[in-house]
Amino acid sequence: MPLDVRTPPVAVDLVIELIDRPEPSLVLVARRFPPLGWALPGGFVEMGETLTAAACREAREETGLDVSLVALLGCYSDPARDPRGQTVSVVYVAHATGRPQGGDDAREAAAFTRASLPELAFDHARQQILIISNAFIEENAPQLEAKYQKAVAEIEALEALLNQPVAVPP
């Protein structure tokens, strides 16, 4: 069955926690293009790219940071979440160190404490992604890291299995 071309684009967003700060800080980007405003770093998944690869690429492009993905926070699909059109966003929690610098379609990247979070674009504030993720990270970080690493290993094993040649009888 052919794919339905009316399927919404898939995006990734990241809740990046800087772990080298005395107070927990989250990285946000000031968007270069409409809709303007502060948002979670992220962007669209490219053809042939995995979700995790897209998340790491978008983090590097928009913040200059190399991230360690800690957990899958959730998937968001409200048709009204993006004023440009319906998208599905997969949100990861990630850790990083260093100083964020805006790049690509982020004109600026900066670290914010919980007390200094600005108003956010898209549905990032409405979904309370940042608030939920902070509590989630604090309570579950060690377990999430272990589960995430196990899931990555299982996915890699399945991908290796799927990439093995199949003998076709004559």
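The values are calculated or read from the model by the stated rules, or taken from the named source; none is laboratory data. Quantities reported herein were computed from a predicted structural model and do not represent experimental measurements. When we count neighbours, we look across all protein chains shown, and the Cβ atoms used for this are built from the backbone with ideal geometry, even at glycine. For accessibility, only protein heavy atoms count, side chains too; no ligands or nucleic acids. Shrake-Rupley method; radii C 1.70, N 1.55, O 1.52, S 1.80 Å.
Among the residues of segment 85-93, are any over 20 Å from Phe122 (Cα atoms), assigned to a strand (DSSP E or B) and under 17 Å from the mean Cα position of the chain (by Cα)? Looking for residues that are over 20 Å from Phe122 (Cα atoms), assigned to a strand (DSSP E or B) and under 17 Å from the mean Cα position of the chain (by Cα), one finds none in segment 85-93, hence no. Return a yes/no flag: does segment 31-39 have any residue that is in contact with a strand residue (DSSP E or B) (Cβ under 9 Å, 6 or more places away or on another chain), surrounded by fewer than 16 Cβ atoms within 10 Å (Cβ to Cβ), within 24 Å of Gln149 (Cα to Cα) and touching a residue at least 24 places away in the same chain (Cβ under 8 Å). No, because not a single residue in segment 31-39 is in contact with a strand residue (DSSP E or B) (Cβ under 9 Å, 6 or more places away or on another chain), surrounded by fewer than 16 Cβ atoms within 10 Å (Cβ to Cβ), within 24 Å of Gln149 (Cα to Cα) and touching a residue at least 24 places away in the same chain (Cβ under 8 Å). For segment 1-84, the strands (runs of 3 or more DSSP E) that sit wholly inside it and include 1 or more residues that are modelled with pLDDT of 90 or more and over 14 Å from His95 (Cα atoms) are 10-18, 25-31, 42-44. With respect to being closer than 21 Å to Tyr76 by Cα, open to solvent by less than 40 Å² (accessible area, probe 1.4 Å) and of a type in the set (A, V, I, L, M, F, W, C), Ala11 fits the description.
Looking at the structure I just gave you, is Ala53 in contact with a Lys or Arg (Cβ under 9 Å, 6 or more places away or on another chain) and either in contact (Cβ under 8 Å) with a residue 60 or more places away in the chain or surrounded by fewer than 18 Cβ atoms within 10 Å (Cβ to Cβ) (or both)? No.
Tell me yes or no: at least one residue of segment 113-120 is buried (at least 17 other Cβ atoms within 10 Å of the Cβ), on the phi < 0 side of the Ramachandran plot and in contact with a strand residue (DSSP E or B) (Cβ under 6 Å, 6 or more places away or on another chain).
The answer is yes; a qualifying residue exists.
Exactly one of these conditions fails for Asp78: (1) among the acidic types (Asp, Glu); (2) within 19 Å of Thr97 (Cα to Cα); (3) open to solvent by 50 Å² or more (accessible area, probe 1.4 Å). Give me its number. Every listed condition holds for Asp78 apart from (2).
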